[in-house]
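Notes for the one structure printed next.
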Amino acid sequence: MTTKFFNRIKISQVLLIFATVFLVACTEEVNEELKKKDESIYKIINNRYEFDHLEDFYNLISAESEDKLKEISDYNFYNSFISFSELNYNRRFIEEDDEDEIIYLLLNEDGVIQIQNKLFQLNFDDETVLVYQNEEELELRKPTRIYSFEDEVLSIEFDESYDENDTQRLSYCSSKNSDWIELMSSSQGIVEYRLRYLKVGIYYSVTGKIRKNSRGGAVNMNIETQGFPIFFRNKRNCYGNSVSSSAGGYNQSYKIKPYASTRRLKAYNFRVYVAASDGQLLTSAGAFATISCRPSDSC
């Protein structure tokens, strides 16, 4: 009886060791896959993201999704990469609840990113973009050129046909950020929403967001593009009424981002409908919201 009992213990120990080894091996394999994931498009070298082609950077930011954000966050974690938004000191530059903007995940803690053969450093203190031609210039903090967040930096640096004067520069839309607006009071606190046009020199986006105090619970929220015409016009293209986006459910927040690009906007009209319903209090609310710049200049 005693012998059988100890034999069972030994077998259990062997099985446990085997399972542990198998789990560790699988975890290491997953980690390696995450480290290598999409390295044909982007990679982390010298503690910064590097994109071999401008098109790769554009394709990544313009196709942002919750899955893509999670993929980048995981890639950062398994490469021990500290992004700009993770450093507490930098959070003072980031608008409340905007830590998940893709550009903040791609910049390192010093605000640096490499695109093709050039290094770009975003200085949020004075809203400038510093351009370095090589590692030595970066280390010495001697940029070749300095731009404003208002400039279309990547077009100026990489598009030889790109040209504009000071008068043309003034024709572009300014940053716009509405305050958080209360939609309703719910069993999970205040439900509120906000619209925003963000400009940081190498990245431009238009975002709508709705949030509550906690995830789950009885409060359902939704945000969707609504109305006519919705459009986004930059120097080269105009995206018209085919632009549509929606998000919703019981999570703590939802956002839609119908425009994300390396090009700034000359005109746009962004209109959304936000709604929330509380299954516990049996209340609901809805509202339209709009931010725009030269809305008559539609596609």
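Please specify each residue of segment 119-156 satisfying the condition of being charged (D, E, K, R) and out of contact with any strand residue (DSSP E or B) (no Cβ under 6 Å at 6 or more places or on another chain). The answer is ASP125, ASP126, GLU127, GLU135, GLU136, GLU137, GLU139, ARG141, LYS142, GLU150, ASP151, GLU152. The requirement of being under 22 Å from TYR58 (Cα atoms), assigned to a helix (DSSP H, G or I), at pLDDT 90 or above and not acidic (Asp, Glu) is fulfilled somewhere in segment 131-154, by at least one residue. State whether the residues of segment 181-202 include one that is surrounded by fewer than 19 Cβ atoms within 10 Å (Cβ to Cβ) and part of a helix (DSSP H, G or I). No, that holds for no residue. Set side by side, the residues ARG294, ARG215 differ, and just one is farther than 21 Å from LEU183 by Cα, surrounded by fewer than 16 Cβ atoms within 10 Å (Cβ to Cβ) and either modelled with pLDDT of 95 or more or of a type in the set (Lys, Arg) (or both), which is ARG294.
Scanning segment 115-160 for residues that are out of contact with any Lys or Arg (no Cβ under 6 Å at 6 or more places or on another chain) and under 15 Å from ILE103 (Cβ atoms) turns up ILE115, PHE120, GLN121, LEU122, ASN123, PHE124, GLU127, VAL129, VAL153, LEU154.
Which residues, counting only those in segment 226-242, are in a loop (DSSP other than H, G, I, E, B) and surrounded by fewer than 19 Cβ atoms within 10 Å (Cβ to Cβ)? GLN226, GLY227, PHE228, PRO229, LYS235, ARG236, ASN237, GLY240, ASN241, SER242, listed by residue number.
The residues on offer are ASP98, ASP126, and the sole one that is part of a loop (DSSP other than H, G, I, E, B), among the acidic types (Asp, Glu) and at pLDDT 90 or above is ASP126. Based on this model, can you work out whether ALA267 counts as surrounded by fewer than 21 Cβ atoms within 10 Å (Cβ to Cβ), out of contact with any helix residue (DSSP H, G or I) (no Cβ under 7 Å at 6 or more places or on another chain) and under 17 Å from ASN222 (Cβ atoms)? Considered against the rule, which asks whether it is surrounded by fewer than 21 Cβ atoms within 10 Å (Cβ to Cβ), out of contact with any helix residue (DSSP H, G or I) (no Cβ under 7 Å at 6 or more places or on another chain) and under 17 Å from ASN222 (Cβ atoms), ALA267 comes out as no. Residues in segment 190-220 that are more than 21 Å from the chain's Cα centre (by Cα) and among the hydrophobic types (A, V, I, L, M, F, W, C): 4 in all. Looking across segment 179-189, just one residue is within 16 Å of ASN222 (Cα to Cα) and under 20 Å from the mean Cα position of the chain (by Cα), and that is TRP180.
The set of residues in segment 246-299 being under 16 Å from CYS173 (Cβ atoms), outside any strand (DSSP E or B) and not hydrophobic (A, V, I, L, M, F, W, C) consists of THR262, ARG263, ARG264, LYS266, ARG294, PRO295, SER296, ASP297, SER298. For first residues located in segment 255-270 and under 17 Å from ASP100 (Cβ atoms) and in contact (Cβ under 8 Å) with a residue 24 or more places away in the chain, partners that are β-branched (Val, Ile, Thr) and part of a loop (DSSP other than H, G, I, E, B) and lie 6+ apart or on another chain with Cβ distances below 8 Å form the pairs PRO258/ILE230; PRO258/VAL243; TYR259/VAL243.
The values are calculated or read from the model by the stated rules, or taken from the named source; none is laboratory data. Everything numeric here is computed off the predicted structure, so don't read it as measured data. So basically every Cβ, Gly included, is an ideal-geometry build from the backbone, and we count neighbours across all protein chains shown.
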